[in-house]
Every structure is written in C-alpha cells, then in structure tokens.
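Right, one structure below, let's go through it.
Bear in mind these aren't lab numbers, they're just calculated from the coordinates by the rules spelled out. This structure is a prediction, so every number in the text was calculated from the model and none was measured. Counting neighbours? That spans all protein chains shown, and the Cβs are built from the backbone with ideal geometry, glycine included.
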Amino acid sequence: MRFAMAIDTKKCVGCSDCVVACQTENNVPIGYCRDWIVEVNEGTYPQLEMEIRSERCNHCTNSPCVRCCPTGASHYDYGGTVLVTAHKCIGCGACIASCPYDARYTHPKGYVDKCTFCVHRIKDGLPPACVAVCPTKCLYFGDTDDPRSEISQVLKKRKYKRLIPEAGTNPNLYFLI
Amino acid sequence: MREELIISGRMNPMVDPTLNIWHWQIPLYLFLGGVAAGILFFASLYYIMGREKKYPAAIKWAPMLTPFLLIIGLGALFLDLTHKAFFWQLYLAIRLESPMSWGAWTLLAITPLSIVWSATWLKELLPAWHWKYPFLEELEAFFIRYRLILAWIMLLYAVILGVYTGILLSAFNARPLWNTSILGPLFFASSLSTGAAVIMLMAKSHLERNIFSRIDLMMIGIELFLIVHIFMGFQASTQVQIDAANMFLGGPYTEVFWIFVVFIGLLVPAFLEVLELLGYKIPIVITSTLVLTGGLFLRFIIVYAGQASRYLY
C-alpha cells in the first residue's frame with residue numbers, strides 16, 4: 001500500500017478550504033498550518049499564466065526527515081505515511097531543516113508536527129479532511145499501488161509533475177497539469 | 001518573470017519566511033565541540049607519538065579545558081531542544097543514518113574521556129592535589145597505566161567529533177549551501193586550527209608554540225583551499241547551489257564572510273604566523289584570538305546562511 005495525493009492545479013481555485021479543514025480536524029494551533037496554498041504567476045501582463053497548488057507534506061518514499069531523525073520519532077507508518085511520534089521527539093529541529101518542502105514546524109508544546117494524511121481518518125476508510133471538504137473536488141487521495149484506485153486512474157490519464165524530485169526524496173504528491 | 005507566493009498565509013514560526021530553526025546554540029556548540037576535538041586530537045596524537053616532554057601544553061594543559069568546552073557545548077545543545085523533557089530518547093536509539101545520533105553517542109563517549117584524560121594529569125599541574133577517596137587513587141593509577149589505549153580511543157573519537165559536525169550539515173540536501181561534502185573536511189580543518197590556536201596560547205616553550213604555529217598555518221592553508229573549492233563546486237553545480245554560492249559572492253553574506261572569516265580569521269593570522277616564523281616578535285594572543293574568532297564566525301555564518309538557502313519559493 002502506498003498512499004499518495006494528486007492535486008488538480010487546473011481545478012484548484014485557492015479557496016484555502018483545505019487549510020481550514022485541516023486546522024479544524026487536527027487541532028492545529030493558531031498561527032500554524034499543515035497545508036497551504038501556493039500561487040505561481042508567470043509572464044508579464046497581458047501574457048500571464050497562473051498555477052494554484054494546494055501543498056502539504058509529500059510523505060516521501062525516501063524521506064530525509066526520517067533519515068536524519070536521531071531518535072526514530074519520525075518514521076514510516078500505515079501505507080507509507082510519514083509520521084512523528086510526539087513522545088519520542090526531542091525537538092532538535094533536524095527534520096525541519098532536512099525537509100525541502102518546509103512542511104514541518106515545531107508545535108507550541110515542543111515536538112515537531114506536520115501533515116499526517118489524516119491517518120486517523122484513512123484507517124477508517126475516510127478521505128483526509130482536506131480532500132473531504134474540497135469544493136472543486138480537485139484533490140484525489142488513494143493507494144497508488146492499486147491500479148484500480150481513483151488516484152491511479154487519474155495519474156494514468158493526466159499529465160502531472162512532482163515538486164523538486166531532484167532533491168531525491170521521491171515525493172508522493174502529484175500535481176496534475 | 002516568475003513569482004511564487006504562498007497565499008494561504010503559511011507563516012509557521014521559525015519556518016517562514018525563511019527557515020530559522022537553529023539559533024546561536026548550534027553554531028556555538030559546533031565551535032566549542034570543534035575546538036575540543038582539535039585539542040584532543042593533538043593531545044592523543046602526540047601522546048601516541050611519545051612527545052609528552054616536548055609538547056606539555058598540547059598533551060597535558062590544553063585538554064584540561066576540553067571538559068568545560070564540551071559541557072558548555074552540550075548545555076547549548078540542550079537549550080536548543082524544544083521538547084527538552086524527552087532528550088533521553090537520544091540514548092534509546094542508534095540511528096546509523098542520522099549524523100545527530102552519531103553525535104549524541106560520540107559526545108556521550110568523548111566527554112567522560114576528556115574528563116578522565118585531564119584527571120590523569122591533574123597531579124602534575126597541582127602537585128598538592130590528592131583524590132579524596134582511595135578508589136579514585138586506584139582508578140587514576142589504572143588509567144595512567146593504560147593511557148596509551150585511552151589515547152587511541154580518544155584519537156578516534158576526536159576525529160569523529162571534528163568531522164561529524166560538518167557531515168551533520170552536509171547531510172541536509174534540502175539546504176543547498178550545506179549540501180556539499182567539502183563541509184566535513186572544512187569543519188575538521190577549522191577545528192584542528194582552532195585547537196592548535198588554544199594550544200599555542202597555553203604553550204610555555206618557544207619550541208611548542210612554534211610547532212603549533214606551523215600546524216595552524218598549514219590548517220589555514222587547507223581551509224582557504226577548501227573554501228575556494230566549495231565555491232568552485234557550487235558554481236559548477238545546479239541552480240540552487242549557484243544561488244547558495246551567490247549569497248557569499250555579492251549576496252547578503254558577502255561582507256561578513258569574506259571580512260570576518262577569510263580576512264580576519266584566516267589571512268591575517270596566517271600573515272602573523274609567517275612573520276613569527278621569520279623571527280619577528282608577534283604577541284601570540286593576537287594570532288590565537290583571531291583564529292578562534294574566525295572559527296566562531298565560520299560556524300555562525302554557515303549555520304545561518306544555510307538555513308536561508310532553499311529549493312522552493
């Protein structure tokens with residue numbers, strides 16, 4: 001099993017509903033976020049191109065954060081998700097420095113926190129909170145090891161890119177373009 | 001023109017707008033650990049080579065500082081942790097892929113080693129000293145008997161301590177400035193140079209000062225070579241690494257790096273050491289202080305600039 005997410009940049013309008021849904025679902029402290037919206041503008045007026053991406057932890061297959069963690073707090077879990085065990089985390093910051101996507105932050109309580117792919121929901125067969133609320137249905141979540149899953153089908157049909165694969169992380173967020 | 005904006009307002013403290021997760025504690029530790037590694041390296045190396053009479057400052061006196069340097073450094077590392085109550089988790093795991101795990105275990109070994117090493121020479125420094133309990137006297141006799149083995153172990157750990165801090169940073173490929181294999185050797189050369197500077201400062205004989213002055217000069221030469229090498233490598237690499245190099249070649253870190261590290265920390269002391277070798281009288285305090293200042297600035301600048309170098313946004 002290999003969980004992944006596909007984000008349709010043609011459908012995303014950048015409403016930030018996913019951001020708010022995540023903050024609510026996961027009790028993210030005020031002023032922090034586990035997912036965020038990036039808007040990329042290219043060209044000069046009137047030849048402008050815009051891309052909107054809903055971004056979060058890439059749950060990389062070759063995660064630098066898991067590799068550099070001195071205590072094993074950062075680890076691979078259910079379906080390839082990358083999680084942090086709070087009571088093993090010493091708050092050294094190595095994983096935060098190691099993440100090329102800057103997806104991690106220090107929780108006010110001291111441990112390091114990040115997107116979990118809503119592992120508590122997906123274990124029950126529910127989609128992650130951000131996917132569930134997306135008003136344009138631009139987020140796809142599923143198992144890329146299963147060729148019949150919706151995400152595998154979408155990735156077969158559509159062109160996609162991944163963010164900085166050259167960082168060697170083998171990321172699992174696919175941006176449909 | 002291309003611009004990328006985070007419009008959902010991601011403003012995670014210490015991550016945005018640029019990473020700022022490590023503050024003064026980490027570079028201070030890197031510096032103190034480096035100096036300690038340098039001193040212990042020379043102490044064990046010259047003890048193994050049987051130069052005990054010739055280089056007393058390197059083998060006996062300077063190592064007495066290292067427990068203090070290491071303990072202050074460890075204190076700084078502890079202050080850096082944000083989940084302090086769980087620090088002991090470091091010692092429940094051996095993670096070979098994590099340089100920080102290597103560091104934690106190395107410190108656990110080298111700190112007591114440095115204390116034992118210093119303690120075995122204490123009676124030579126303070127002839128009136130006596131250990132309060134007989135078992136401490138026996139322990140001292142035991143360690144003095146096996147000092148050579150102690151020296152070999154310490155040599156190994158000193159090298160690991162000197163190199164791992166550089167590897168720690170270079171393992172982060174998310175930060176292009178750090179992600180160069182030259183950083184390990186550069187930090188090791190700097191730790192040997194700063195270690196030699198402390199020994200120079202404590203040496204009483206002209207001979208010992210002269211030798212460590214020469215060693216320091218050689219290390220400064222190696223550091224300069226490695227610094228040039230790093231920037232050559234970056235310029236021939238990918239865009240993110242070219243950008244990282246440009247932070248020092250016209251960017252925000254240009255003045256502070258080239259003035260404080262290269263000029264004041266390397267070129268001036270090298271010049272003074274050459275003058276001294278030519279027979280001019282140069283107060284050793286000046287040379288040593290400059291070398292140590294350069295080493296401290298190097299750690300601070302690399303740690304801060306590295307966090308500002310990135311792939312995205």
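Things to note:
- Expressed per residue, the C-alpha convex hull volume of segment A:6-59 stands at 104 Å³.
- The share of C-alpha pairs in segment B:149-248 whose separation exceeds 15 Å stands at 67 percent.
- CD proxy at 222 nm, helix term only [per DSSP H run n ≥ 4: -39500 (n - 2.57); per residue of chain B; nearest 500]: -21500 deg cm²/dmol
- Mean per-residue shielding of peptide A:17-25 is 1, counting Cβ atoms of other chains within 10 Å of each Cβ.
- Each peptide in B:90-103, B:38-51 receives the mean, over its residues, of other Cβ atoms within 10 Å, and ordering these scores from highest gives B:38-51, B:90-103.
- Segment B:25-308 - Rg and Dmax from Cα coordinates, angstrom: 19.6, 65
- Segment B:27-41-segment B:174-229 distance, computed between alpha-carbon centres (Å): 11 Å
- Among the residues of A:27-34, the average count of other protein chain beta-carbon atoms within 10 Å of the residue beta-carbon is 3.
- Counting only other chain Cβ atoms within 10 Å of each residue's Cβ, the peptide B:73-83 averages 4.
- Chain B: most fluctuating residue of B:K281, B:K132, B:K84 per GNM, C-alpha cutoff 10 Å: B:K132
- As a rough footprinting exposure proxy, the listed residues A:D8, A:D124, B:D16 were ranked by other beta carbons within 10 Å of their own, and the order from fewest upward is A:D124, B:D16, A:D8.
- Histogrammed with a bin width of 10 Å, the alpha carbon distances of the protein assembly as shown distribute as 4, 18, 25, 21, 15, 9, 6, 2, 0 percent, first bin at zero.
- Which listed pairs, of A:K11/A:K114; A:K10/A:K123; A:K123/A:K156; A:K123/A:K157; A:K88/A:K123; A:K11/A:K161, have C-alpha distances above 18 Å, in listed order: A:K11/A:K114; A:K10/A:K123; A:K123/A:K156; A:K123/A:K157; A:K88/A:K123
- Within segment A:3-176, the ratio Rg/Rh, alpha carbon atoms throughout and Rh by Kirkwood, equals 0.96.
- Least to most buried among A:C22, A:C95, A:C115 (fewest other Cβ within 10 Å first): A:C22, A:C115, A:C95
- What the Cβ-Cβ distance of B:L267 and B:W152 gives, at R0 = 60 Å and to the nearest 0.05, is a FRET efficiency of 0.95.
- Segment A:136-177 shape via C-alpha gyration tensor axes, a/c threshold 1.5: prolate
- Three semi-axes of the equivalent ellipsoid, segment B:212-311, Cα gyration tensor, whole Å, largest first: 30, 13, 9
- Each of the peptides B:258-270, B:154-166 was scored by the mean count of other Cβ atoms within 10 Å over its residues; in descending order, highest first, they stand as B:154-166, B:258-270.
- Reducing segment A:109-177 and segment B:49-122 to their Cα centroids gives an inter-centroid distance of 44 Å.
- For chain B, hydrophobic long helices are taken as DSSP H runs at least 20 Å long by C-alpha position along their axis with mean Kyte-Doolittle hydropathy of -1.0 or more; these are B:25-48, B:66-80, B:99-125, B:147-170, B:183-202, B:206-235, B:284-308.
- Averaged over residues, the count of other Cβ atoms within 10 Å places the peptides A:146-159, B:206-219, B:60-73 in the sequence B:60-73, B:206-219, A:146-159, highest first.
- Relative contact order, percent, chain A [alpha-carbon distance under 8 Å, six or more residues apart]: 31 percent
- As a proxy for reagent exposure, ranking A:T9, A:T85 by other Cβ atoms within 10 Å from fewest up yields A:T85, A:T9.
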